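The values are calculated or read from the model by the stated rules, or taken from the named source; none is laboratory data. None of these values were measured; they are calculated from a predicted model. Note: ideal-geometry Cβ built from the backbone for every residue, glycine included; neighbour counts use all protein chains shown. Remember, those area values only see protein heavy atoms, side chains included, never the ligands or the DNA or RNA. Shrake-Rupley method; radii C 1.70, N 1.55, O 1.52, S 1.80 Å.
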Amino acid sequence: MIREWQQGDAAAARRILWESWRATYRAFVPEADLRDYFEVTYAGFAIERLHASGHVHGFIGLVDGEAAGYARTQFHAGENRLYLASLYMLPGYQGRGIGGALLRTAEEQALRYGLRQLWVGVMIQNEAARGWYERRGFRFIREEPFRISRTTVPHL
């Protein structure tokens, strides 16, 4: 089941983000840099403040009542673009279709904005995610650096 973000979801979203980051990114980003970036970006009420904007929409994927996935979209009016800013699953729940359901929810959000495109960024070293998006029709059009504390990684 996919539902919209609710007050009180911050702890579950932080857990999903951190566990999936550690499982995926620590292969190419030092864990200390992951932690530094995570604490600055999602500390305390930071994640709730992200969701306080009318242009940010969050979604939780539930399995038997447990939060197993998290997605967040953000509309940039000046660019007329909707970005899939986050789509993360707890590692033990990958491969069950929850990520696909979260992606479809984000695509529906784009349609509500009258858009036919959804923008996403993926770290080049995250080959599994890149392939997952490509199998769903995404095309990556440019590379940019992405800074995670003291580490810079190439990002599509």
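The table for this structure:
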| quantity | calculated |
| --- | --- |
| Some residue of segment 91-100 being part of a loop (DSSP other than H, G, I, E, B), within 16 Å of the chain's Cα centre (by Cα) and small (Gly, Ala, Ser) | yes |
| Selection count where residues are touching a residue at least 60 places away in the same chain (Cβ under 8 Å) and open to solvent by 50 Å² or more (accessible area, probe 1.4 Å), scope segment 13-34 | 6 |
| Considering residues of segment 62-104 that are within 23 Å of residue 142 (Cβ to Cβ) and of a type in the set (Gly, Ala, Ser) only, the residue most open to solvent (accessible area, probe 1.4 Å) | 78 |
| Residues of segment 105-131 satisfying the condition of being at negative phi, free of Cβ contacts under 8 Å to residues at least 60 places away in the same chain and open to solvent by 40 Å² or more (accessible area, probe 1.4 Å) | 107, 108, 111, 112, 113, 116, 117, 119, 124, 127, 130 |
| Residue in segment 135-155 that is part of a helix (DSSP H, G or I) and modelled with pLDDT of 95 or more present | yes |
| Checking residue 5 against (1) closer than 17 Å to residue 126 by Cβ; (2) in contact with a strand residue (DSSP E or B) (Cβ under 6 Å, 6 or more places away or on another chain), the condition it does not meet | (1) |
